[in-house]
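Novice: Got a structure for you, written out below as structure tokens; questions coming shortly.
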Amino acid sequence: MSTFLTGFDGLWARPVEDYKEAVKSYLIVLDTNVLLELYRFTPQARHELLDVLAQLDERLWIPHQVVSEYHRRRFEAVREHLNLYTSVPDTLMTLRNKSLQEVQTLANRCSMSDADKELLTAPINDAFDKVTAEIKRHSDAFDLSLAKVVRNDPILSALSQILDGKTGDPFSGEENDALIAKFQERVAEQMPPGFRDAGKSENAHGDFFVWEQLLREAAQRQTPVLLVTNDVKDDWVKKEAGYVVGPRPELLVEFKSRCNDDLLMTQLPHFLGMAKEVLGAAVSQSTMQQAKNVRESSTGRGVLVTLPSRHYGQIFNTIGSYYEDSYALADGTLSAEEEVAAEETRRILNSMVKTRKRNMDGDVLFAIPSDCFDRFQSYVSVAQNAAGGSGESASKREDGRSEYRLLRRELVELRELLESARKDREMAQAMAAESERAAREVDASMPEVERERLEREAEERRRQLHLTAASVHNLEEQIRTLSRQLDSPGLGT
């Protein structure tokens, strides 16, 4: 290595040849997010990734913390993916209705004939029908269900064979406590990894435990390590102009000090590409693209969550109350750790409001930023404990006045959604009536294909009317329920 580079590790990007050598000969360590992506891949891509892992044989190793997080989060991973197949069509239905409503307004104001309106609406309906059908095709091709994962998880079965004898041991109870104390010391010094998670009420030390277990295994084996992870938070990697340069320099120094060897980090798409080139692994272009898409989705859009409406309100209130009590009135007195926690909590609340949608069953769908998801899960646990608690401990977890303010906010938002849903219903009623009239007035000389098209259109618009009416009914029920909650004795006092 050039003397001009020596001593500046982490401040310059390693050449691709170094990564290829790492795939060929280093100990390969996987992070939790890599294992969980198996639940988002198509069957073919999943099999190809599992085959690559099996090909690594004894060079593959998983920290115990990763195994623990995998078992804790695998159900949510498949649930999040399955939700896409319902949430996206629901969103498209809303967009379709709004588009048709705009066209209807234009047609009325311009006194368009039915034929001219049809020229405008037909392409819209055709486009949405094609996209919805394609989504259904992908949904039908996806081979996992939550019930299947719960009862007989094929991914768990495959990993249990591939990773048998390749997983680390947990820390002892006494050692566990000592390392958590050490983690707090590192947080105070902003020492990576994991200081960005310091404000989490649950598993804040997770990244540090992964790192500590990785260090011990590498030191024992006296081997260089390639860590495969899609985590690109700045307490793991150094970035410049939005590009990842490599591991944080502090991590490289610590690894060198304790293991006297080399450390590289890469993301799953790059790892698969190099495995194909260096190991001759059978990895299709489709699989590499899926790895790239899933990584970008998890780091961009966030984790999709579906909750029954009553649970959504409970969790939202819990987070909002905690934010108001702990952070909102702090007046600049927060520590660095608390500022991180406050910012993540604020982002969670904003995302729960801005991305929230309701499906036809009345469930609430929303997205949580990926880097805030662990904190969100900790809030869910707090809300569940509060729901099951009683007496003094429960009263400490809930501030009645704060809950009242949050319920009022929820009621205002529900009423706005109801107003929009009623407009959608009115538009659907008008379109259904128009289609029924067109179907009734079919001329005997009209081609059979055209008559069938009109009948299909009338049936589809009746279905849309039913869906929008159901949405209005569900929102009205939720508003009545929430209003009763607001009228409960003692709330807000």
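The values are calculated or read from the model by the stated rules, or taken from the named source; none is laboratory data. Just so we're clear, the structure is a prediction, and the values are computed from it rather than from any experiment. Note that each Cβ is placed from the backbone with ideal geometry, even for glycine, and that neighbours are counted across all protein chains shown. When the accessible area is computed, the model is the full protein with side chains, heavy atoms only, and any ligands, DNA or RNA have been set aside. Shrake-Rupley method; radii C 1.70, N 1.55, O 1.52, S 1.80 Å.
Novice: For the pair Lys357/Arg440, report the inter-label distance in nm, with labels modelled 7 Å from Cα in the Cβ direction.
Specialist: Once both label points are built, they end up 3.4 nm from each other.
Novice: How far apart, in nm, are two points set 7 Å out from the Cα along the Cα-to-Cβ line at Leu411 and at Leu146?
Specialist: In this crude label model, Leu411 to Leu146 measures out at 3.0 nm.
Novice: Compute the distance in nm between two label points, each set 7 Å from the Cα along the Cα-to-Cβ direction, one at Thr481 and one at Met112.
Specialist: Modelled inter-label distance: 4.0 nm.
Novice: At a 1.4 Å probe radius, which order do Leu11, Leu49 fall into by accessible area, largest first?
Specialist: Leu11, Leu49
Novice: Continuing with the same structure: Could you work out how far the C-alpha centroid of segment 427-454 sits from that of segment 5-34, in angstrom?
Specialist: Centre-to-centre (Cα) distance: 64 Å.
Novice: Right, something else. Between beta-carbons, use under 11 Å as the cut-off and find the net charge around Ile155, counting Lys and Arg +1, Asp and Glu -1.
Specialist: Spelling it out: positives minus negatives among the neighbours equals +1.
Novice: Okay, moving on. Could you compute the FRET efficiency for Arg258 and Arg221, with r as their C-beta to C-beta distance and R0 at 22 Å, rounded to 0.05?
Specialist: With R0 = 22 Å, the Cβ-Cβ based efficiency is 0.95.
Novice: Moving on. What figure, in Å² to the nearest 10, do you get for the accessible area of Glu416 with a 1.4 Å probe and non-protein molecules left out?
Specialist: Taking all protein chains as shown, Glu416 has close to 110 Å².
Novice: Which cross-chain or sequence-distant (5 or more) residues have an amide H under 5 Å from the amide H of Val364, H modelled 1.01 Å from N in plane?
Specialist: Leu307, Ser309
Novice: Which pairs break 21 Å Cα to Cα here: Lys20/Lys276; Lys239/Lys276; Lys20/Lys233; Lys98/Lys354; Lys24/Lys276?
Specialist: Listed pairs above 21 Å: Lys239/Lys276; Lys20/Lys233.
Novice: Could you tell me the center-to-center distance, by alpha carbons, between segment 213-283 and segment 102-152 in angstrom?
Specialist: 44
Novice: In addition: Using r as the Cβ-Cβ distance of Thr94 and Leu334, and R0 as 35 Å, what FRET efficiency do you calculate, to the nearest 0.05?
Specialist: 0.35
Novice: Applying the Karplus parametrisation 6.51 cos²θ - 1.76 cosθ + 1.60 with θ = phi - 60° to the phi angles of segment 124-131, what ³J(HN,Hα) value in whole Hz is obtained for each residue in order, glycine and proline being reported as x?
Specialist: 5, 4, 4, 5, 5, 4, 5, 5
Novice: Does segment 1-93 come out rounded, prolate or oblate, given a ≥ b ≥ c as the square roots of the eigenvalues of its C-alpha gyration tensor, rounded meaning a/c under 1.5 and, failing that, prolate meaning a/b above b/c?
Specialist: Prolate, because a/c is 1.5 or more and a/b exceeds b/c.
Novice: Would you mind calculating the gained length between Ser326 and His473 on full extension (0.36 nm times residue separation, minus the Cα-Cα distance), in nm to one decimal?
Specialist: Going from the current span to full extension adds 49.2 nm.
Novice: Can you figure out the FRET efficiency of Asp177 with Glu134, using R₀ = 56 Å and their beta-carbon distance, to the nearest 0.05?
Specialist: 0.60
Novice: Another question, then. Would you mind putting 262-274, 333-345, 223-235 in packing order, based on average other-beta-carbon counts within 10 Å, highest first?
Specialist: Order by mean packing, descending: 262-274, 223-235, 333-345.
Novice: Then there is this: Determine how large the accessible area of His473 is when every protein chain is in place; take a 1.4 Å probe and give Å² rounded to the nearest 10.
Specialist: 100
Novice: Please turn the phi angles of segment 148-158 into ³J(HN,Hα) values with the Karplus equation 6.51 cos²θ - 1.76 cosθ + 1.60 (θ = phi - 60°), one per residue in order, whole Hz, x for glycine and proline.
Specialist: Values, residue by residue: 5, 5, 5, 8, 8, 5, x, 6, 4, 4, 5 Hz.
Novice: A further question follows. Hey, what's the per residue convex hull volume over the C-alpha atoms of segment 1-156, in cubic angstrom?
Specialist: 213
Novice: Write down the accessible area per residue of segment 121-250 in Å², having rolled a 1.4 Å probe over the full set of protein chains.
Specialist: 50
Novice: Same structure again: So what is the relative contact order for segment 127-213, in percent, with contacts set as C-alpha pairs under 8 Å and at least six apart?
Specialist: Reported as a whole number, the value is 16 percent.
Novice: Moving on to the next point. In whole Hz and in residue order, list the ³J(HN,Hα) couplings for segment 86-101 that follow from phi through the Karplus curve 6.51 cos²θ - 1.76 cosθ + 1.60, θ = phi - 60°; x for Gly and Pro.
Specialist: Calculated HN-Hα couplings, in order: 10, 5, 5, x, 4, 5, 5, 4, 5, 5, 4, 4, 5, 5, 5, 5 Hz.
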